[in-house]
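Peer 1: I am attaching a structure below and will ask some questions about it afterwards.
The values are calculated or read from the model by the stated rules, or taken from the named source; none is laboratory data. Not measured: the values here are computed from a predicted model. Counting neighbours? That spans all protein chains shown, and the Cβs are built from the backbone with ideal geometry, glycine included.
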Amino acid sequence: MKDDSPIRFNYHTHTRFCDGRSEPEQYVQEALRLGMHSLGFSAHSPLPFDTPFAIRWNEVEEYCHTILELKQKYADRLPIYLSLEIDYIPGISENFDQLRNAHPLDYTIGSVHLVRPGDREGLWFIDGPMAEIYDSGLQELFDGDIQKAVSTYYRYLNQMITGQRPTIIGHMDKIKMHNRGRHFTEDEHWYIQLVEETLDNIQASAGIVEVNTRGVYKKRSDDLYPGRWVLQRIQQRHIPVTISTDAHRPEELTAYFDETVKILAEIGFRSVMYIKDGKWKEHPLC
Ligand SMILES: [Zn+2]
Ligand SMILES: [Zn+2]
């Protein structure tokens, strides 16, 4: 496919191996139907305790095997890539290198969904289906101190960026999802400071920022992850971005994708990152 082809790819997808629906092959079929350029699978990495979303340890081999088989089967029709969306929880989650060494991952997505407070036991689930879970975690684990809680999220995100070096930084400001202006606003000085520090680290680590559309099409967020003002800062700093939909069903493979391309072009981005022949390249936006 030529570089001036329409931009349609997705490297952040979840199948029945974790919390998604459908077999991986159904995603491949849908990607072919949509004329997508390439497709990456990124099951939630296994964790040492039960979660409603992560792949189980004993299924990781089968997952990798399944994706690698699809890669071969569709080699002449659709480039397919193997990945994991790896959780970062200091002292609990697997070292990213361990997973990279154990499995032939084409790239990694690093994300923080569970925040461990520095001074007590427990995990704050910032990405749950309900705002009530976010609110009760904020109360119980951080005594309702939103600045402390959000700062802890960003501290771990930054540790992950500098220490684990994922290829892609997943939904970097997802902490805002259940906030919706209730506990803090994004124009508060301390919050802007946290975002700027994060961008400093992303720049230094040469990571790719994911522009994740899921919050918008699931109507859980009024804006993309990261939001527009953060994207403006990213563009000014020339940090590379890629677009993904964080699909949990085949029909979500390109949800809000074309709209996001337009938004990025309006902000001033000239290109987005995609994988061509196994290598990350820039795809021009116009
Ligand atoms: Zn995620
Ligand atoms: Zn995801």
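Peer 1: Just to be sure before I move on: is residue 184 farther than 23 Å from residue 97 by Cα and in contact with a Lys or Arg (Cβ under 6 Å, 6 or more places away or on another chain) in the structure I sent?
Peer 2: no
Peer 1: When segment 246-278 is examined, which residues are found to be away from ligand 1 (no atom under 16 Å from the Cβ), in a strand (DSSP E or B) and either over 19 Å from the mean Cα position of the chain (by Cα) or among the small types (Gly, Ala, Ser) (or both)?
Peer 2: Matches in segment 246-278: 271, 276.
Peer 1: What are the pairs with Cβ atoms under 6 angstrom where one residue, in segment 161-190, is more than 22 Å from residue 244 (Cα to Cα) and the other, located anywhere, is of a type in the set (Lys, Arg) and within 12 Å of ligand 1 (Cβ to nearest atom)? Sequence gap at least six, or different chains.
Peer 2: none
Peer 1: Same structure, new question: Which of (1) within 23 Å of residue 93 (Cα to Cα); (2) within 16 Å of ligand 2 (Cβ to nearest atom); (3) among the charged types (D, E, K, R) is the odd one out, the single condition residue 220 does not satisfy?
Peer 2: Evaluating residue 220 over (1) within 23 Å of residue 93 (Cα to Cα); (2) within 16 Å of ligand 2 (Cβ to nearest atom); (3) among the charged types (D, E, K, R) leaves (1) as the failure.
Peer 1: Follow-up question, since we're still on this one. Under 6 Å by Cβ, and 6 or more places apart or on different chains, what pairs join a residue from segment 209-234 that is free of Cβ contacts under 8 Å to residues at least 60 places away in the same chain with one that is within 12 Å of ligand 2 (Cβ to nearest atom) and not hydroxyl-bearing (Ser, Thr, Tyr)?
Peer 2: From segment 209-234, the pairs are 214/246; 221/215; 225/171; 225/174; 225/212; 225/215.
Peer 1: Here's another thing I want to ask about it. Does at least one position in segment 32-54 carry a residue that is among the small types (Gly, Ala, Ser), surrounded by fewer than 21 Cβ atoms within 10 Å (Cβ to Cβ) and more than 16 Å from ligand 2 (Cβ to nearest atom)?
Peer 2: Checked segment 32-54: at least one residue is among the small types (Gly, Ala, Ser), surrounded by fewer than 21 Cβ atoms within 10 Å (Cβ to Cβ) and more than 16 Å from ligand 2 (Cβ to nearest atom).
Peer 1: I need every pair where a residue in segment 1-17 that is among the basic types (Lys, Arg) has its Cβ under 9 Å from the Cβ of a residue that is away from ligand 1 (no atom under 16 Å from the Cβ) and modelled with pLDDT under 90, sequence separation at least 6 or different chains.
Peer 2: Close Cβ pairs satisfying both conditions: none exist.
Peer 1: Hey, among 215, 181, which residue is assigned to a helix (DSSP H, G or I) and out of contact with any helix residue (DSSP H, G or I) (no Cβ under 7 Å at 6 or more places or on another chain)?
Peer 2: So the residue among 215, 181 that is assigned to a helix (DSSP H, G or I) and out of contact with any helix residue (DSSP H, G or I) (no Cβ under 7 Å at 6 or more places or on another chain) is 215.
Peer 1: Name the one entry in 13, 51 that is modelled with pLDDT under 95 and closer than 18 Å to residue 127 by Cα.
Peer 2: 51
Peer 1: In segment 8-51, what residues are within 24 Å of residue 88 (Cα to Cα), among the polar types (S, T, N, Q) and part of a loop (DSSP other than H, G, I, E, B)?
Peer 2: Within segment 8-51, 15, 45, 51 meet the criteria.
Peer 1: Test of understanding: among 66, 108, which residue is of a type in the set (Ser, Thr, Tyr), in contact with a strand residue (DSSP E or B) (Cβ under 9 Å, 6 or more places away or on another chain) and surrounded by fewer than 20 Cβ atoms within 10 Å (Cβ to Cβ)?
Peer 2: The conditions single out 66.
Peer 1: If you don't mind, there's one more thing I want to ask. In segment 57-88, how many are within 16 Å of ligand 2 (Cβ to nearest atom), of a type in the set (Ser, Thr, Tyr) and outside any loop (DSSP other than H, G, I, E, B)?
Peer 2: Of the residues in that region, 3 qualify.
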